[in-house]
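To start, the structure under review is shown below, and the notes come after it.
The values are calculated or read from the model by the stated rules, or taken from the named source; none is laboratory data. Quick caveat: nothing in here was measured; it's all calculated off a predicted structure. Reconstructed Cβ throughout: ideal geometry from the backbone, glycine too, with neighbour counts over all protein chains shown. Only protein heavy atoms, including side chains, enter the accessible area calculation; ligands, DNA and RNA are left aside. Shrake-Rupley method; radii C 1.70, N 1.55, O 1.52, S 1.80 Å.
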Amino acid sequence: MATRASSPTRRAKGETLHDGFLRHANFRWLKIATLLCFLAIASYLMVDITPRHNGGSWYGYTMGTIGVLLILWLTLLGLRKRAMTRGRWSLKAWTSAHVYLGLSLIVIGTLHTGFQLGWNVHTLAYALMMLVILSGLFGITVYATLPTALSNNRAEMTQVQMLEAVRAIDRQLHDAAQPLPQGQAALVRQSLGDDPFGGGLIARLTGRYPRCATAAAQAALRHWTGDHADTGKEPLEKVDALLERKQAMLARLRRHLKLKALLEIWLTVHVPATFALLAALTAHIVSVFFYW
Amino acid sequence: MTERVRIAIVGSGPAGLSAAARAAQLGLSHLLIEKTDHLSDTIFKYQKGKHVMATPSQLVLRSDCDFEAGKREAILGRWNEQAAAQGINVAFHAEVKAITGTGDPIPGSIQKIVERKRDGSTDIKEIQRLAPPYRLTLSDGREVIADAVIMAIGTQGNPNLMRVPGAELPHVQYQLDDPAEYNDEHIFIVGTGDAGIENAMGLAADEAQGNVVTILNRSTEFASAKPANVKGLMAAAEAGRLSIMTESTTAKIEPGFITLDSRDGEVKLKCDRIIARMGSAPPRGFVESCGIEFTSGDRLAFPKLSPVFESTAPGIFVIGALAGYPLIKHCMNQGYDVVEYINGNRDLKPADEPILAAKFASLPEKRSVAEWLEYLRTNVSILEGLSPLQMREFMLDSEVRAYRAGETIFEKHDAGSSLFGIATGQALVEVAPRANVPIAAGSIFGEVGLISGRRRGSTVRAGTDSIMVEVSRSAALKLMSSNPPAKRAITRISTERQLLQMFGAGLTPADLSEVLDSAEIQTVKAGEAILTEGDLGTDIYVIRVGSMIVEKKIGGKNVFLSYLPAGSYVGEMALIAGGPRTATVKATVKSEVIRLNGDAFARLMAAKPALLERARRDMAARQDVNAFIESRKDSFSTVVDMYSETAKFLVDNGIGEATDVLLIDEHLCVGCDNCEKACADSHEGLSRLDREAGRTYAHLHVPTSCRHCEHPHCMADCPPNAIHRGSDGEVFIDETCIGCGNCQRNCPYGVIRMDSVPPKKPGLLSWMFFGQGPGPGEPSKKWRYKNAEPGVEKPKKAIKCDMCSGIDGGPACVRACPTGAAIRVSPEDFLTVARLDGQAN
């Protein structure tokens, strides 16, 4: 509608400005992956292998080859993500394909086994593959649900700003605690010495910090402030208010760290399991051909 | 009591003092007349300890008095000593009241003095000029008879006054004697010339004084100040010692408060003192009464002078600031030169002669410098208002070149922001292959580059053998700020070309002349409406600078309809279809519109059916949008609300002046920062975006990253002129960056960083398999420090987004986003109802 004299816009009319990796190109890779699974299942049912379906039949080899090629290609996402080469590629499209083709491996891999599982290196490879896929499923779930919460929680603050805010309160606490007697000052010092990143993995992932020195300090100080009327002049009241603010800021920071951790933690399973899978897969393939 | 001298010198500033010194050296009888009790009152009134500069640096000083950059006190002290040592004859406390000839009437020499009255009428007085010698009547009743008079009275006689309500209040002052006098005050400095900047710095220099100093600039540039001063001011602002408000003008002054019109609308601020340093106009009445004519009736015009500074009254010479030359070195040289001339030395060339002679040396015809200057001044229309003296200064900053017929002056897409004036010959603008539009001698071209900073839009060749003046961007801005007629001429030409380009449809400049005569350029404040829904009116508005949003009131709420970038027009609907305005059009940022008279435009459309057709098509598209919004208002009111609010948020965050902006959908962003890493890996290892910082509304995040503004603030003050707009609209910084940091300070969105290129990283695979190097993304400071080439300090240069221009595949940030959260949009693409349609479905 705007009557612009200069060059027309670069984007074609009607092209969607943005959709996420799951909806990419109108679910193109979901459709392709579904078709692949459908073909695999249909042929599994139609092909008659004697005595029964197994990994060593021609059908089993076909599925195995497709599977291993897919796994190798899926692994390449890590390279694609980090290699900023020129050219018209989109990491979003790669992610989309990675997700849906990765899920299709459940079908392809399982059909490849012919449902023959046991305590051997072959089933180890299968189990590792399922572990990778399951961790990936967890990843998809958090990617789809957590970004909104992350955005809401940070309220335009960056992580650095949150830490800076905590430090600013700490400085005020330090000044405000000067007139306090020894015992009370020790409590405040404990809060000051507390590492906002400390508490270990469980605390990080749950967002619960039972040994939080700030909470402990505040609870202890409340014993003193509890029976006194608020005069607005007591140094302890100021310290109490500052501890309250620090608690609120810590809560936001911890929520932020929790969400970030959840968005990343699954990769610590997904990626190492992938490499374990590649190793097991090598053993699986070598052993199959060795004992041909 | 009458004294008789050979030369009377009025005013003891650098020009007068230098003239008197030369007269004393030559043994001529002279009298230096000074109205105060000390020499050089203008410099005497400078702030204590002010550093006086000696520009232009390439100019040699030719005077019997010394002068070099230094403190005010040192300079005045040396001059006092030298004046005494050379035996200069000074009359202090003497003000000249009148200068009249005592000889016979000069035949045909009649001075016409036009007196403008407040009611707009004029009075013309005619005075018969009399031949020298002149009688100077002084305020103390003395009379001096002189063969020649040198007027060196400067311009401080009447400083330009503020013309806003409250300007007469006692806390508005036009002079700052001692900045140490003021403590704990909120002080506003109006005017961004050297005086204003120095006052501001003086008041803010000592933090213990506790002054809150703000300097107001009506534009974004500091075109009339010395670069060193501007740099100092920027550094002071950076350090938080004072603040600079750009694009702000004073609207009202009240005791204790000042009201400003700023980019963001009207603001009222606490203010204890206003120091207005808005330049000064010549003390014209007195000068004219002496028989000296001015170049034009314009308030800022200078006296008509011959190349030897002789005015229209024979024997009266005008030098220094009054002659249009405010720089001390020039003044002193002129004093020397004029006395030499009066003493009969006809061969003396001005001190800048060799510099200019070198510029003219390559031209085909052989003329003297003075002849060339006059030739260019009379042949290039925008230079006509300049005095010969100003012309000299102007040419020092400009180039002149001869072109053979067919020779290319600049190519399409060349970077360049200079303006060309055609002295002789013709320029051919290639609008399409083998289709040229001629531009005749006297006119200008290249003004689009000057105004927008964009690359050259077309190739221009010389049509015939030509001589062209190339005016650098800074010289052109100075010309426009100091010479209103030149500004008007450039504005008219650029307006005409913008209309021709916009409407196309086979229009010629001749067709547009009526519309152009009625055209008026208006400045619109941020948030101000040019059209209001329901009002009557048929004028058409063309957006020249800035951008607008269109809103319509539906069910008591303002619904955002669309975004109009510069180069769009509005108002045709009421003109073609009749009836009141159907929507409100408001400025998103401080903008400029060209207002075209509706009737004149209607006549033009009647004469040009193709134009009418074009306008009808545009109107139909707009009516569709209106109808669409109307139809959706009930069923999708929440969606429409959301859309309107989001649009407002984006406009508030500078998207109104953006051409291409990175947005992040926080429904999708997982915070992996792969966009930043990709940016760094695509550009020498430095990221030009900060994903996490920036504002967010409804999960739409505007990260700290370049918006590629239509009128980039960063371009405003780049000493090497290293910031350009590329062919895809990207604003980029080229390799000539000197790392001064002006652009970083001028960017309101904080997207420019100063950094040096980090050492080269090992390849990706060696990182992956052998753990070499810091991995993808920007290397840490520690790694950079450890791996820096020893002994080599790489300069910090300005770094900003260049939209990955020249990189196949486009912006790396978008390509590298794994979830599709990062998108790049241009506002007119993003802020349309088409999006609303998509969301509703």
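Of A:Thr113, A:Thr123, A:Thr214, which residue is in contact with a helix residue (DSSP H, G or I) (Cβ under 7 Å, 6 or more places away or on another chain), closer than 30 Å to A:Ala283 by Cα and surrounded by 15 or more Cβ atoms within 10 Å (Cβ to Cβ)? Quick ask: steps written out before the conclusion?
Values: A:Thr123 fails: in contact with a helix residue (DSSP H, G or I) (Cβ under 7 Å, 6 or more places away or on another chain); A:Thr214 fails: closer than 30 Å to A:Ala283 by Cα.
The match here is A:Thr113.
Can you give me the number of residues within the range B:484-512 that are more than 14 Å from chain A (Cβ to nearest Cβ) and either of a type in the set (Val, Ile, Thr) or open to solvent by 50 Å² or more (accessible area, probe 1.4 Å) (or both)?
11
Filtering the range B:520-553 down to residues that are of a type in the set (Asp, Glu) and open to solvent by 40 Å² or more (accessible area, probe 1.4 Å), which residue is nearest to the chain's Cα centre (by Cα)?
My answer is B:Glu520.
Got at least one residue in the range B:1-8 being closer than 27 Å to B:Leu203 by Cβ and surrounded by 19 or more Cβ atoms within 10 Å (Cβ to Cβ)?
Scanning the range B:1-8 turns up no residue that is closer than 27 Å to B:Leu203 by Cβ and surrounded by 19 or more Cβ atoms within 10 Å (Cβ to Cβ).
Give the residue, chosen from B:Val515, B:Val585, B:Val524, that is within 14 Å of chain A (Cβ to nearest Cβ) and β-branched (Val, Ile, Thr). Outline the logic, then answer.
Values: B:Val515 fails: within 14 Å of chain A (Cβ to nearest Cβ); B:Val524 fails: within 14 Å of chain A (Cβ to nearest Cβ).
The match here is B:Val585.
Here is a list: B:Pro774, B:Pro712, B:Pro759, B:Pro779. Which entry is open to solvent by less than 60 Å² (accessible area, probe 1.4 Å) and in contact with a strand residue (DSSP E or B) (Cβ under 8 Å, 6 or more places away or on another chain)?
Testing whether each residue is open to solvent by less than 60 Å² (accessible area, probe 1.4 Å) and in contact with a strand residue (DSSP E or B) (Cβ under 8 Å, 6 or more places away or on another chain) leaves just B:Pro712.
Give, as residue ranges, the strands (runs of 3 or more DSSP E) completely inside the range B:75-178 that count at least 3 residues that are touching a Leu at 6+ places or on another chain (Cβ under 6 Å).
Passing ranges, in order: B:96-101.
Pairs please, first residue from the range A:66-91 and more than 25 Å from A:Thr282 (Cα to Cα), second anywhere and part of a loop (DSSP other than H, G, I, E, B) and among the hydroxyl-bearing types (Ser, Thr, Tyr), Cβ atoms under 9 Å, 6+ apart in sequence or on different chains.
From residues that are more than 25 Å from A:Thr282 (Cα to Cα), the pairs are A:Leu91/B:Thr819.
Which of the residues that make up the range B:22-44 are within 27 Å of B:Glu198 (Cβ to Cβ), open to solvent by less than 40 Å² (accessible area, probe 1.4 Å) and in a helix (DSSP H, G or I)?
B:Asp41, B:Ile43
Which pairs do you get when a residue that is charged (D, E, K, R), found in the range B:607-626, comes within reach of a residue that is surrounded by fewer than 17 Cβ atoms within 10 Å (Cβ to Cβ), reach meaning Cβ atoms under 6 angstrom, with the pair 6+ apart or on two chains?
Close Cβ pairs (under 6 Å, with a partner that is surrounded by fewer than 17 Cβ atoms within 10 Å (Cβ to Cβ)) amount to B:Arg614/B:Ala505.
Here are some conditions: (1) touching a residue at least 12 places away in the same chain (Cβ under 8 Å); (2) open to solvent by less than 80 Å² (accessible area, probe 1.4 Å); (3) within 25 Å of the chain's Cα centre (by Cα). A:Phe138 meets all but one. Which one does it not meet?
Status for A:Phe138: all satisfied but (2).
List every residue pair whose Cβ atoms sit under 8 Å apart, with the two residues 6 or more apart in sequence or on different chains, where the first one lies in the range B:561-581 and is in the same structural domain as B:Arg616 (by TED's automatic domain parsing) and aromatic (Phe, Trp, Tyr) and the second, anywhere, is part of a strand (DSSP E or B) and open to solvent by less than 30 Å² (accessible area, probe 1.4 Å).
As it stands, the answer is B:Tyr563/B:Ser547; B:Tyr563/B:Met548; B:Tyr563/B:Ile549; B:Tyr563/B:Val550; B:Tyr569/B:Ile540; B:Tyr569/B:Tyr541; B:Tyr569/B:Val542; B:Tyr569/B:Ile543, since those pairs meet every condition given.
Select the strands (runs of 3 or more DSSP E) contained entirely in the range B:577-688, then report the ones holding at least 3 residues which are surrounded by fewer than 16 Cβ atoms within 10 Å (Cβ to Cβ) and touching a strand residue (DSSP E or B) at 6+ places or on another chain (Cβ under 6 Å).
Per the criteria, no element qualifies.
Looking at the range B:368-387, is at least one residue among the polar types (S, T, N, Q) and open to solvent by less than 10 Å² (accessible area, probe 1.4 Å)?
Yes: the range B:368-387 contains one or more residues that are among the polar types (S, T, N, Q) and open to solvent by less than 10 Å² (accessible area, probe 1.4 Å).
Do the conditions hold for A:Leu192, that is, is it open to solvent by 40 Å² or more (accessible area, probe 1.4 Å) and either without any contact (Cβ under 8 Å) to a residue 40 or more places away in the chain or part of a loop (DSSP other than H, G, I, E, B) (or both)?
Details: open to solvent by 40 Å² or more (accessible area, probe 1.4 Å): yes; either without any contact (Cβ under 8 Å) to a residue 40 or more places away in the chain or part of a loop (DSSP other than H, G, I, E, B) (or both): yes.
It is true that A:Leu192 is open to solvent by 40 Å² or more (accessible area, probe 1.4 Å) and either without any contact (Cβ under 8 Å) to a residue 40 or more places away in the chain or part of a loop (DSSP other than H, G, I, E, B) (or both).
Grab the helices (runs of 4 or more DSSP H) fully contained in the range A:28-124, keeping just those with 2 or more residues being modelled with pLDDT of 95 or more.
On the way: elements: A:58-75, A:77-82, A:91-113.
Helices (runs of 4 or more DSSP H) meeting the threshold: A:58-75, A:91-113.
Given (1) touching a residue at least 12 places away in the same chain (Cβ under 8 Å); (2) farther than 30 Å from A:Ile71 by Cβ, where does A:His223 come up short, assuming only one miss?
Only one criterion is unmet by A:His223, namely (1).
Suppose we keep only residues that are away from every other protein chain (no Cβ under 12 Å) and small (Gly, Ala, Ser) within the range B:532-574. Which one would you say is nearest to B:Glu710 (Cα to Cα)?
Taking the range B:532-574 as the starting set, the residues that turn out to be away from every other protein chain (no Cβ under 12 Å) are B:532-539, B:545-546, B:551-560, B:574.
Okay, now just the ones that are also small (Gly, Ala, Ser), so B:534, B:537, B:546, B:555-556, B:574.
Values: B:Gly534: 30, B:Gly537: 29, B:Gly546: 7, B:Gly555: 34, B:Gly556: 33, B:Ala574: 28 Å.
Here the answer is B:Gly546.
Being touching a helix residue (DSSP H, G or I) at 6+ places or on another chain (Cβ under 9 Å) and at pLDDT 90 or above is the requirement here; does A:Ala149 meet it?
Spelling it out, A:Ala149 is indeed touching a helix residue (DSSP H, G or I) at 6+ places or on another chain (Cβ under 9 Å) and at pLDDT 90 or above.
I want to confirm something. Restricting to the range B:264-296 and keeping residues that are assigned to a loop (DSSP other than H, G, I, E, B) and open to solvent by 40 Å² or more (accessible area, probe 1.4 Å), which single residue is farthest from B:Tyr46 (Cα to Cα)?
Quick first cut of the range B:264-296, residues assigned to a loop (DSSP other than H, G, I, E, B) only: B:264, B:271-272, B:277-279, B:282-283, B:290-293, B:295-296.
Filter once more, keeping what is open to solvent by 40 Å² or more (accessible area, probe 1.4 Å): B:264, B:272, B:277-279, B:293, B:295-296.
Values: B:Asp264: 34, B:Asp272: 22, B:Arg277: 12, B:Met278: 15, B:Gly279: 14, B:Glu293: 30, B:Thr295: 30, B:Ser296: 31 Å.
Step by step, filter the range B:264-296, then rank; the result is B:Asp264.
Is it the case that the range A:159-169 has a residue that's surrounded by fewer than 15 Cβ atoms within 10 Å (Cβ to Cβ) and either touching a strand residue (DSSP E or B) at 6+ places or on another chain (Cβ under 7 Å) or in contact (Cβ under 8 Å) with a residue 40 or more places away in the chain (or both)?
yes
For the range B:661-677, does any single residue satisfy the condition of being of a type in the set (Val, Ile, Thr) and more than 10 Å from chain A (Cβ to nearest Cβ)?
Yes.
Which residue, of B:Gly196, B:Gly232, is open to solvent by less than 60 Å² (accessible area, probe 1.4 Å), of a type outside the set (A, V, I, L, M) and free of Cβ contacts under 8 Å to residues at least 60 places away in the same chain?
B:Gly232
So, B:Thr137, is that one surrounded by 13 or more Cβ atoms within 10 Å (Cβ to Cβ) and at pLDDT 85 or above or not?
Taking the combined requirement at face value, the residue satisfies it.
Within the range B:706-724, track down each residue that is within 14 Å of chain A (Cβ to nearest Cβ) and at pLDDT 85 or above.
Result: B:His708, single match.
What are the residue pairs meeting all of these: first residue in the range B:811-825, first residue within 7 Å of chain A (Cβ to nearest Cβ) and at positive phi, second residue surrounded by 24 or more Cβ atoms within 10 Å (Cβ to Cβ) and not in a loop (DSSP other than H, G, I, E, B), Cβ atoms under 6 Å, and 6 or more apart or on different chains?
What qualifies is B:Gly820/A:Lys92.
Taking the range B:79-115 on its own, how many of its residues are open to solvent by 40 Å² or more (accessible area, probe 1.4 Å) and among the hydrophobic types (A, V, I, L, M, F, W, C)?
6
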